Amino acid sequence: MVNTDLKQGFYLGEWEVRPLQLVVVGPDGKEHVEKRWMEVLVLLATRAGEVIERDEILDIVWEGRAMNDEPLNRCISQLRKVLGDSPQQPRFIATITKVGYQLIAPVRPLEPAAPEVAAADGATEKAAPRRASTLRVLSLAAVALVAVGAMIIWMGGFPQPDEASIVVLPFDNLGDDSTQDDLGRGLAEEIRQRLAGVDGLTVAGRTSSRAAFLSDKDAPTIADDLGVSYLLEGSIRVDGDDIRIATALLQASGYEVWSETYEMRLLDVFQMQDQIANDIAGQVVPGIVANEAGSLISTAQSTRNPQAYLLFVRGQEQLASRSEGPLRRSITLFEEAIELDRRYADAYVGLATAHALLPFYSDEPMAASFDRARSIIATGAQADSSVDTRAAGIVAFMLFHSEWRWIESENAFRVALQNAPDDAELLNWYSLFQASVGRADRSLDYAARARDLEPLSPVVNQRLAVAHLWVDQNELAAQQFAVAAEQGMPVTTQPEAYLVLLLRRDELEIARLLMAGQQKLAGLDAAWVDALFMAMQDPSHKPAAVDAVERAVASGDISDLHLFGVWVYLEETERAIDTALRLTENRIRFIPEFLFAVETAELRRHPRFAEVVRAVGLDRYWDYFGWPDLCRREGDTIACS
């Protein structure tokens, strides 16, 4: 049986453990501990001296959601680091091989004294225990600070930060219907979007908000990760046609400074979201002024049908998950929303976006998916002409990826960015576009802007890594690849760019293993890989490498994409150009940004490089929007360096 007294604090050797504050205090000061790490430590402490099996710990702390032992391994490793423990000579946590863990240090409960607060008559009295927030456990010290905060508000308002910033965390679903999980997260996103339009308030992006929510980190750590001064947490409960949303506003320190519960009919969800956003903005933005209607925020909707809107909100949440199953579910939800409101512009844009993204996460043919997306946009535009403008971003993305219609894509990107300048995904796509038209500096700028908006997005951080790579900032690229990997996007998701980095850093053996591993995953022979790397280490092996690569071409064991890079590194320029021209005919995963890397300088100096430029269609784009520093038009010829 769990000893609940330990949750109030206990001594562990020389350490004082405060579970509700997520800290341990030792001779050298205070150490913050993540929520689940603390839960594991408390579990071990409640059964000190007892061996607890790994599966039992995972079931209790991770509630069966952990796919493997890795979260527990990392947790124990971090706890040992905090406690100064050693797995070889443990003083606190002993590993019982193939079984589990045992806390071997003595545990002694800590009885915290109730804080004294000033009574109304000036005397002091013991503060009554404050009910812990159901949203996130707050520090025991919050009892006193909330009392002080109430006095400050009564005297003239809570002290405001110089620059107001907030993260809106997804709302928990407290009901029994799991289908409402999407609704809770989606409604939080709708409130986040409303707050993002408030002058003087910086709002963390959707992906970072989701990542922070799923991390189980405490409020101060999330605030530090995202650089925000406030956190909004919430929960929803749907009961028939009624909805209840409970909200809590926390300072970056983790202390709750405001809370409110809203109960309305589901049909009044538009007004509820506006009201919540208004209340939050009024709390965190100094001197904010209401509009003529007495409201701070009033959001126009592209539908008046609340049921269609709720389906759209759930669809948007599935769309944000970016994997095949959720994308297909989002398509169904958007279609149902359109069935209820044939003029619902946002639903048409969501449906087109889902179809356009589906081939990147499934075996769905790209051409067919893009055709469906275009048809949906055309149909939506007939119902509501604003669909064309709202869909400009996904149109730019499709034109760029499928047809290299550079001028039209550029124009569509510009329209989209004018309407949504803080859309991190749009900025990410535009970064890739800019690198592909030979403007690496601009690519880096847009990638950095996307990262500032979504610091916890693995996709955004990986794009920033690649952008650093193309301007030869190799160490920064390595750092960003590491950040993306830590956030859940391993380097194998974009191995070509990471291989370039490894080769620049002369990490040939790691590069060889990565390339050989990719070959084996594809079911292809990797003999040419070893030959290539022998030639890169010793040029006298180049003839043998060329022979091995030619055999791989004949046997179908090397793709044109990899073949292009191989010929570049073997300095077989003519062969590289021939391969590039084949790629431009089929456009098989060929994004032209590598054409402007330092590795392809010799290729660009070759007279035939103009053939590649024309085949890609970049000369027409450059004529229209200006030529990059690397290339120029000289009469009827194209010269690049």
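Filtered by the rule that a residue be within 10 Å of the chain's Cα centre (by Cα) and of a type in the set (A, V, I, L, M), segment 454-466 gives Leu456, Val459, Val460. Do we find a residue being surrounded by fewer than 23 Cβ atoms within 10 Å (Cβ to Cβ), under 28 Å from Gly488 (Cβ atoms) and basic (Lys, Arg) anywhere in segment 329-349? Yes - at least one qualifying residue is present in segment 329-349. Scan segment 221-247 for residues that are crowded, with 20+ Cβ neighbours inside 10 Å, part of a helix (DSSP H, G or I) and touching a residue at least 60 places away in the same chain (Cβ under 8 Å) and the total you get is 1. Screening Asp182, Asp224 for residues that are under 18 Å from the mean Cα position of the chain (by Cα) and at pLDDT 80 or above leaves exactly one candidate, Asp224. Residue check: is Asp557 buried (at least 18 other Cβ atoms within 10 Å of the Cβ) and either touching a Pro at 6+ places or on another chain (Cβ under 9 Å) or over 21 Å from Trp470 (Cα atoms) (or both)? Against the criterion (buried (at least 18 other Cβ atoms within 10 Å of the Cβ) and either touching a Pro at 6+ places or on another chain (Cβ under 9 Å) or over 21 Å from Trp470 (Cα atoms) (or both)), Asp557 qualifies.
Restricting attention to segment 502-523, the residues being at pLDDT 90 or above and part of a loop (DSSP other than H, G, I, E, B) number 3.
Restricting Leu183, Leu195, Leu187 to those that are within 13 Å of Ile280 (Cα to Cα) and part of a helix (DSSP H, G or I) reduces the list to Leu195.
Does at least one position in segment 580-591 carry a residue that is in contact with a Leu (Cβ under 8 Å, 6 or more places away or on another chain), of a type outside the set (A, V, I, L, M) and either part of a loop (DSSP other than H, G, I, E, B) or surrounded by 15 or more Cβ atoms within 10 Å (Cβ to Cβ) (or both)? Looking for residues that are in contact with a Leu (Cβ under 8 Å, 6 or more places away or on another chain), of a type outside the set (A, V, I, L, M) and either part of a loop (DSSP other than H, G, I, E, B) or surrounded by 15 or more Cβ atoms within 10 Å (Cβ to Cβ) (or both), one finds at least one in segment 580-591, hence yes.
One line per residue, one yes/no per condition, for (1) in the same structural domain as Thr584 (by TED's automatic domain parsing); (2) among the aromatic types (Phe, Trp, Tyr); (3) in contact (Cβ under 8 Å) with a residue 60 or more places away in the chain; (4) assigned to a helix (DSSP H, G or I):
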residue	(1), (2), (3), (4)
Leu311	no, no, no, yes
Leu319	no, no, no, yes
Phe334	no, yes, no, yes
Leu358	no, no, no, yes
Thr389	no, no, no, yes
Ile394	no, no, no, yes
Glu410	no, no, yes, yes
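Look through segment 360-387, keep the residues that are part of a loop (DSSP other than H, G, I, E, B) and out of contact with any Leu (no Cβ under 7 Å at 6 or more places or on another chain), and return whichever of them is nearest to Gly315 (Cα to Cα). Checked segment 360-387; the qualifying residue nearest to Gly315 (Cα to Cα) is Ser362. Close contacts from segment 541-557, counting a first residue that is assigned to a helix (DSSP H, G or I) and a second that is modelled with pLDDT under 95 and basic (Lys, Arg), with Cβ to Cβ under 6 Å and a gap of 6+ residues or different chains, come to none at all.
The values are calculated or read from the model by the stated rules, or taken from the named source; none is laboratory data. Just so we're clear, the structure is a prediction, and the values are computed from it rather than from any experiment. When we count neighbours, we look across all protein chains shown, and the Cβ atoms used for this are built from the backbone with ideal geometry, even at glycine.
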